[in-house]
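The values are calculated or read from the model by the stated rules, or taken from the named source; none is laboratory data. Here the structure is a predicted model, which means the values were calculated and not measured. Methodologically, a virtual Cβ is constructed for each residue, glycine included, from the backbone with ideal geometry; neighbour enumeration extends over all protein chains shown. Side chains are part of the model used for accessible areas, which takes the heavy atoms of the whole protein and leaves out ligands, DNA and RNA. Shrake-Rupley method; radii C 1.70, N 1.55, O 1.52, S 1.80 Å.
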Amino acid sequence: MNKRFGTIVLDTSFRFIIPFIMVYSVYVLIHGEDSPGGGFQAGALFGIVFVLSRLVQGEDCALKISGTKAIMLAGVGTAIYGFVGVLTLIFGGNFLQYGALPLNMHEPERHAMGILGIEIGVTLCVMATIIAIFDALTRREEM
Amino acid sequence: MMRIVSYLVLLLMTGVMFITTSGLPELYNAKSAPATHVSPHYIENSKEETGSPNFVTAVLADYRGYDTLGETTVIFTAGIATVLLLRTSKGKEEKDSKKACLEEGKE
């Protein structure tokens, strides 16, 4: 888990696959409002990017977030969700009433932006939690 | 004695599970209780009420926005709990045992 076990085939195919997983994750996140998908799925995909990187490339992998940073990031994600809710409260709506957001757009677009905001929060939280749990599980062998 | 008690509790919980499962609504039945309560309202009115083209998103982010906030918090809490349980205890034990080994070696 901590030493790289990738042969040249695994290493090269990893480099090819990773950008596609990332782009697909962002696609799932942004199209979450009008198609299947959303924050949880996008977060799982983006978490997999980091887990794969750690599995294939070992300790000194290219894409790396330490467990402490990851759990902070998860907190930030949850806070973003709550912050969007508080923002709509401040601008005179109900909690999580996205139409109240102060954006120069039509009502459905403001609504979509609000949903994108909360889904970014969910994505960060899920991604960082997957990384943190993986890091906590594999940490034992380091010492 | 404790083993008998734990088997009894297990048996009880299994019984409770079976009883509650038999009370669940029938799947694929359009006339079951959940399919006639709020679901038709969501399917028919979510477009006008929320403006979202997808009523799964409408339920997830609008009607049940609080619920999704709770789910996110649950995931975050699960992550924190795992990290707290797995990381600190293992690290400390190994460090302590290493220290003990070193001290024994010195003596």
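All conditions but one from (1) open to solvent by 40 Å² or more (accessible area, probe 1.4 Å); (2) within 23 Å of residue B:74 (Cα to Cα); (3) at the interface with chain B (Cβ under 8 Å from one of its Cβ atoms); (4) in a helix (DSSP H, G or I) apply to residue A:139; the one that does not is (2). Would you confirm, using the coordinates I've provided, whether residue A:77 is out of contact with any Pro (no Cβ under 9 Å at 6 or more places or on another chain), closer than 17 Å to residue B:60 by Cβ and open to solvent by less than 10 Å² (accessible area, probe 1.4 Å)? In short, yes.
Determine, yes or no, whether residue A:59 is open to solvent by 20 Å² or more (accessible area, probe 1.4 Å) and over 22 Å from residue B:63 (Cβ atoms). Yes; evaluated as a whole, the condition is true for this residue.
Please verify whether the range A:13-26 includes one or more residues that are surrounded by 19 or more Cβ atoms within 10 Å (Cβ to Cβ) and within 14 Å of chain B (Cβ to nearest Cβ). No - not one qualifying residue is present in the range A:13-26.
Of the helices (runs of 4 or more DSSP H) lying entirely inside chain B, those carrying at least 2 residues that are at pLDDT below 85 and surrounded by 10 or more Cβ atoms within 10 Å (Cβ to Cβ) are B:33-36, B:39-50, B:89-106.
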